[in-house]
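Worksheet for the structure shown next.
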Amino acid sequence: MPLDWLWIGLRCAGWATLLSILVALPLGWLLAHHRFPGCELLDAIATLPLVLPPAVLVYYLLAASGRWRLDFSWRAAVGLSAIYTLPLLLRMMRAGFAAVDAGFENAARGLGAGEWRTFLRVTLPLAWRALIGAVLAGFARAFADFGATALLASDASHAPTPWLLVPIAALALAGLYIGNRLRRTQVPA
Amino acid sequence: MIQVRLAAHGADVEFQAASGITALFGAAGVGKTLILDAIAGFVTPASGRIILDDEILFDGASRVNLPPGRRHCGYVARHWALFPHMSLHDNLLFPLAGLARLERHRRVKEMLERFALHDGAPRRPNQVSPAERLRATVARALIGEPKLLLVDEPAAGLDIALRAEWHNVLRMLRDETSLPVLLAAHDPDTCFELAGNMLLLDAGRILQSGPPRKIFDQPAGVEAARLLGIRNLFPAEIVALDPGRNTSRLRLETFELNGPYLPGRLRGDRVWLCVEPGQLHATPHDGSKPSANQVAARLERATEMPRAVRLEFAGGIVAEIARRDFEQQPKDGDNKEWLVEFPPHALRVLGCP
C-alpha cells in the first residue's frame, strides 16, 4: 500500500531525526563553546558520513553484520538513517550555537545564572530558529533518504508508485525552505 | 575596595580601586576589556590575585577561581547585552532568580523608578530608545546589589544626546552609590569629567596612575602624552638654566626657545617639550625678523573645527587659533609662511625620552 509506505517513511525519518537530535544538540553546543583536545577530530568523525559514499559505510556494516548480526528491521533503518542525518544536524546546530553572541551568555553568567540556566534561558531562546531550521533540514534529509532507498530496495509489489516521489520532494523542499527562512530571520539584538 | 594583580594574554597589571569611578584609559586593543573580563570571571588569568572587599575572587597560586555568578560584580557590556528576547522588565528580573517573589517585585519596581523605565518596561530592547536601553543595562547590572561595577564604555554608537545621557548615568553612579566603578574608557573627556582616578594603559601595562587632572597636566612621559592625544611634542636639550631670573633656554631640532626655570633639571638634559596647541600664537609672516620665541614655519594644512582652526605646520607644530582670528587674516598671497610664537609660560617639560 503506497500510504503505508509513506507512513513508514515518516516514522523512520522522525525517529532518526530524534535520535540524531539527542546527539547533535549537546555535541553542537559543546563544539561551539568549548575547545578541548580532540574537539575538531570529534567533529570530523561525526561529519564523515556526509562525505563518505553511503555504499562504503553500508559495506562496512554488512561486513560487520557477520559479527553483530544485523537484522533488517525498521530499527536498523532508523539507525542507519540517523548516522546520515547526524552530520547535517550537527553542522547546523553548531553554527546556530556559535552565532549566539557570547556577550549575552557572559551577561547571564555574570548576573548569577549557572551554566544550565544560561543555556535554557539565554542560549536556547536565541538559537532556537537555527535549531528548528537544522531539525527540519535533518528530517527532510532522513525522509528523502528513506524514500530513495525504499524505491530501489522493495520488490515490485511493494514499490511506491512514482507519483509518491512528488510528496517526498515537496516535503524535503518545505523542510529546507522553512528551516532557511527561520535561520535568516534573526532576533534583532 | 578591589585589589587586582593579574597577568593574562599579554596584559600585566596591578592596581586598587576604592569607591568612585576609576577609569582604565588606553588605545583600543590595549587590554581594558580583558582586565574587566578577568575581574568578572569570563577570562581566567594566567596568574595573579583579585580581591574584592575581603573575598578572594581569583588566586592563581591557590587555584581559587570563583564562577562569574558568585563574584558580586555588575557588568555593563560594551554592546549593552540586554537579552533581546525578553522585555526590559524580564531583563531586570533575570538576576533575581534566588529571591522571594515580593522582594523581586520590590527591587524591579525600585529600579524602574530610579532609571525612569516605566514606559519601556513591557517592551523588548529593540523596541525602546537607545537611552532607555542604556539605562536598563545599568539598572540590570545594579539590581543584584553588586559590590563592584565593571563598565565597558562603548567606543562607537554614542551620538551627542546619548553621550550626555551616558555621562548623566555615570555621574549618578558616582554620586548616589558608594560602589567602586571600574570604567574602561575610550574618551579622555569622560575620564577627565567623571573619574576620580585614572590608570593609563599601554601594551597591557600601567604607564601612569593618579587623578585625571594630574595625568593630563603632567604626563609621565612621551608615550603617556601621545596616548592622551597631546600634540606638539618635541625632543629638546636644556642649554641654559637660570634660577635667579627664572628662565631656561631649550634647544630644539631647528630652533631655540626661552622657557621658565625647570626645577630638578640639569643643563644638558634631554627632555620632551610639549605645548598645548591653543596656547601657541600664530600670525602670518609679514617678512619682519622673528622676535624671541617666534619661529617661522610653513603652513601645511588648516583644518576648520567648530570653534577653532587647527593649523598644522612643517616640523610637526600644531596651533589652534580662534576661527574669527583666522578669517580676519589677509587673503592676499598664498598665506603659507607663518610666525608661531611659543609663550615661555606655556612650555611644559616631560620626563627624559
Between B:Ala184 and residues 5 or more places away or on another chain, the pairs with built amide H atoms under 5 Å apart involve B:Leu24, B:Val151, B:Asp152, B:Glu153
Rounded to the nearest 10 degrees, the helix B:160-176 long axis (Cα) sits at an angle to the longest Cα principal axis of chain B of 70
Across region B:88-101, in residue order, what do the Karplus-derived ³J(HN,Hα) couplings come to in whole Hz, using 6.51 cos²θ - 1.76 cosθ + 1.60 with θ = phi - 60° and x for Gly and Pro? 4, 4, 5, 4, 5, 6, 3, x, 9, 3, x, 8, 5, 4
Sequence-distant residues sharing a close amide H with B:Gly20 (under 5 Å, placed H): B:Leu179, B:Val181
If you plug each phi of region A:14-21 into the Karplus form 6.51 cos²θ - 1.76 cosθ + 1.60 with θ = phi - 60°, what whole-Hz ³J(HN,Hα) values come out, in order, with x for Gly and Pro? x, 5, 4, 5, 4, 4, 6, 4
For the protein assembly as shown, the charge dipole (Cβ of Lys, Arg +1; Cβ of Asp, Glu -1; about the Cα centre) points to a positive end, and the Cα of A:Leu176, B:Leu182, B:Pro260 closest to that extreme belongs to A:Leu176
Could you put B:Cys274, A:Cys39 in order, starting from the residue whose Cβ has the fewest other Cβ atoms within 10 Å? A:Cys39, B:Cys274
Within chain B, how many lysine pairs that are 8 or more places apart, or on different chains, have C-alpha atoms less than 30 Å apart? 6
Compute the Cα gyration tensor for the protein assembly as shown, then decide on rounded, prolate or oblate, letting a ≥ b ≥ c be the square roots of its eigenvalues: rounded whenever a/c is under 1.5, prolate when a/b is larger than b/c in the other cases, and oblate in all that remain. prolate
Ranking of B:Arg324, B:Arg298, B:Arg231 by count of other Cβ atoms within 10 Å, fewest first: B:Arg324, B:Arg298, B:Arg231
A student applying the Cα gyration tensor rule (rounded when a/c is under 1.5; otherwise prolate if a/b is larger than b/c, oblate if not) would label region B:2-221 oblate
Nothing charged except the Cβ atoms of Lys and Arg (+1) and of Asp and Glu (-1): what's the magnitude of the dipole of the protein assembly as shown about its Cα centre? Round to the nearest 20 debye. 1220
Would you mind ranking B:Trp272, B:Trp166 so that the residue whose beta carbon has the fewest other beta carbons within 10 Å leads the list? B:Trp272, B:Trp166
State to the nearest 20 debye the size of the charge dipole of region B:214-353 about its Cα centre, where the only charges are +1 on K and R beta carbons and -1 on D and E beta carbons. 340
What's the local net charge at B:Val76, with K and R +1, D and E -1, over the other residues with C-beta under 12 Å away? +2
In Hz, Karplus ³J(HN,Hα) per residue of region A:121-129 (6.51, -1.76, 1.60; θ = phi - 60°; x = Gly, Pro): 8, 10, 4, 5, x, 7, 9, 5, 4
Among bridges DSSP assigns within chain B, what percent are antiparallel (round to 5)? 80
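None of the figures in this text is laboratory data; all of them are computed from the coordinates on show. Note that the structure is a prediction, hence the values are computed from the model and not measured. Positions of Cβ are backbone-derived with ideal geometry, glycine not excepted, and every protein chain shown enters the neighbour counts.
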